[in-house]
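See below for the structure under consideration.
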Amino acid sequence: MTSLAFDYRRADSVDQALALLAEADPGTKVLAGGHSLLPIMKTRLARPDRLIDIGRLNELRGVNRLGDGGLSIGALTTYSELLANPAITVYGLLADVLPTIGDVQVRNRGTIGGAVAHVDPAADLPACLLVLDAEVVVRSARGGRTIALTSFFEGAFNSVLLPDELITEIRLPAASGDYRSAYRAQEQPASGYALAGAAVVIGRSTGGGGRFDRAAIGITGVGECPYRASAAEQEFLSSGDPAAAAAHATDGVLVASDIHADREYRTALIRVQVRRALEAAIERVG
Amino acid sequence: MAEHVTLVVNGQRREVDVEPRRLLVEVLREDFGLTGTHVACDTSQCGACTVHMDGQSVKSCTVLAVQADGATVTTIEGLAAGGELHPIQAAFWEKHGLQCGFCTPGMIMSAADLLARVPDPSDQQIRHAIHGNLCRCTGYHNIVAAIREAAVTMHTGSASDSGIVG
């Protein structure tokens, strides 16, 4: 399959990419690994008239420890590079999720920045980043800003990123105290995308008296875009019961319904995944 | 507007002017005549088009030729040295790791990628490594056996003599 023709610009530096984006029109798209963008261009669901290729910007690649113990992950870091990095896989849910994303070849090309920018309603990684309290660092020729991921997604394939902005970095705060996490998903067998996926982080502050006083539950495959299930989080904090929390996984959300899973089935599936993810997180540290 | 692309393919420097929308697999097959790399699904699902780009396995139906500019690419044609089958190719032959053969070039390139990273993989690691390569004939059993056999050959320089398939 061949996409429609487009104008191709290769950026040799972040500044050059930002200059190209500054003159971008709505038909301009940024190309990183291309594993979300190129397939939809081939089927012509996307018809960009210009691509800005940032794939060679090594300054956007790699994982660095920040002064406060958090991590700075360059937007072009691939899933394979994340999977090979112990600073990343120390997070239990990232160790769970990374080997399940795509396959070896896809993980060699797909990037964390691309996953965040694309806002696929069923992608695995964004739900995990949501519960890790990730921040998205973006730059434009006008300057830069840092956006909490919880206010970044706007809907399917839609975010608050402006046309002249480039995601340069994803930041994860340091994991502190008693910290447990897990990711569980029911995949659509052919595509591997989540029909229903749940990422959880729970924790106890020191001297918290044995109760979990921190709970984050992120859900993918179910709503218009990955979301935090606040009602389920509140229920888990008050009862500590995974099943009771799971019953609130879709409160206030219009659950997706399609040929792979209708609304009722998908609602049942996500409750099971939330319960299993919470149970798995309770059982392990990290 | 055409872009000038330079690649090293199977050890040979190649230059070509391409339209930006052309895929790496199209350039390999149509411009360089390397038709061992197959196209099946053309949607990055099946892995028939797997090649190595700068030492990593990629699906060449989902890489633009312009993205590969400057890269070193190895295709199935680049594996056999001096007319001798590569140990992975020999093991696929020996263990009957193919039937129709359409998926085989991609399957072997994925196996080569695995064995370069993990010289002595478990069956589970082998199956995980070929997750992105679909075969509609074999049921995968003999493919896994072939990769296991190739790992032994590449370790010791000779095939195991069990004679048992699977």
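Overview of results
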{"quantity": "Search result, residues across the range B:53-74 that are in contact (Cβ under 8 Å) with a residue 40 or more places away in the chain, crowded, with 23+ Cβ neighbours inside 10 Å and touching a helix residue (DSSP H, G or I) at 6+ places or on another chain (Cβ under 6 Å)", "calculated": "B:Ser57, B:Lys59, B:Val63, B:Ala65, B:Ala68"}
{"quantity": "Test: residue in the range A:225-245 that is under 21 Å from the mean Cα position of the chain (by Cα), closer than 25 Å to A:Thr78 by Cβ and surrounded by 15 or more Cβ atoms within 10 Å (Cβ to Cβ)", "calculated": "yes"}
{"quantity": "Counted residues, the range B:99-117 - those being part of a loop (DSSP other than H, G, I, E, B) and buried (at least 20 other Cβ atoms within 10 Å of the Cβ)", "calculated": "1"}
{"quantity": "Residue that is part of a loop (DSSP other than H, G, I, E, B), out of contact with any Pro (no Cβ under 7 Å at 6 or more places or on another chain) and within 14 Å of chain B (Cβ to nearest Cβ), where the choices are A:Gly192, A:Gly210", "calculated": "A:Gly192"}
{"quantity": "Residues being within 14 Å of chain A (Cβ to nearest Cβ) and over 14 Å from the mean Cα position of the chain (by Cα) - total across the range B:69-85", "calculated": "3"}
{"quantity": "Answer from A:Ser159, A:Ser140 - the residue that is in contact with an Asp or Glu (Cβ under 7 Å, 6 or more places away or on another chain), at pLDDT 95 or above and surrounded by fewer than 23 Cβ atoms within 10 Å (Cβ to Cβ)", "calculated": "A:Ser140"}
{"quantity": "Given (1) in a loop (DSSP other than H, G, I, E, B); (2) within 18 Å of the chain's Cα centre (by Cα); (3) of a type in the set (Gly, Ala, Ser), index of the condition A:Ala185 fails", "calculated": "(1)"}
{"quantity": "Qualifying residues in the range A:228-243 (those that are in a helix (DSSP H, G or I) and of a type in the set (A, V, I, L, M)) - the one farthest from A:Ile217 (Cα to Cα)", "calculated": "A:Ala243"}
{"quantity": "Verdict on A:Thr206 being hydroxyl-bearing (Ser, Thr, Tyr) and within 24 Å of the chain's Cα centre (by Cα)", "calculated": "no"}
{"quantity": "Of all residues in the range A:8-66 being within 11 Å of chain B (Cβ to nearest Cβ) and in a helix (DSSP H, G or I), the one that is surrounded by the most Cβ atoms within 10 Å (Cβ to Cβ)", "calculated": "A:Leu38"}
{"quantity": "Any hit, the range A:201-214, residues being closer than 19 Å to A:Val131 by Cβ, at pLDDT 95 or above and not aromatic (Phe, Trp, Tyr)", "calculated": "yes"}
{"quantity": "Selection count where residues are within 8 Å of another protein chain (Cβ to nearest Cβ) and either of a type outside the set (A, V, I, L, M, F, W, C) or more than 12 Å from the chain's Cα centre (by Cα) (or both), scope the range B:30-68", "calculated": "14"}
{"quantity": "Considering residues of the range B:1-43 that are of a type in the set (S, T, N, Q) and over 20 Å from B:Phe102 (Cβ atoms) only, the residue surrounded by the fewest Cβ atoms within 10 Å (Cβ to Cβ)", "calculated": "B:Gln12"}
{"quantity": "Filter result (within 14 Å of chain B (Cβ to nearest Cβ), of a type outside the set (D, E, K, R) and closer than 21 Å to A:Leu37 by Cβ) within the range A:99-117", "calculated": "A:Ile101, A:Gly102, A:Val104, A:Gln105, A:Val106, A:Asn108, A:Gly110, A:Thr111, A:Gly114"}
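The values are calculated or read from the model by the stated rules, or taken from the named source; none is laboratory data. Keep in mind that what you see is a predicted model, and the values were worked out from it rather than measured. A quick note on method: Cβ atoms are made from the backbone with ideal geometry, for glycine too, and the neighbour counts reach across all protein chains shown.
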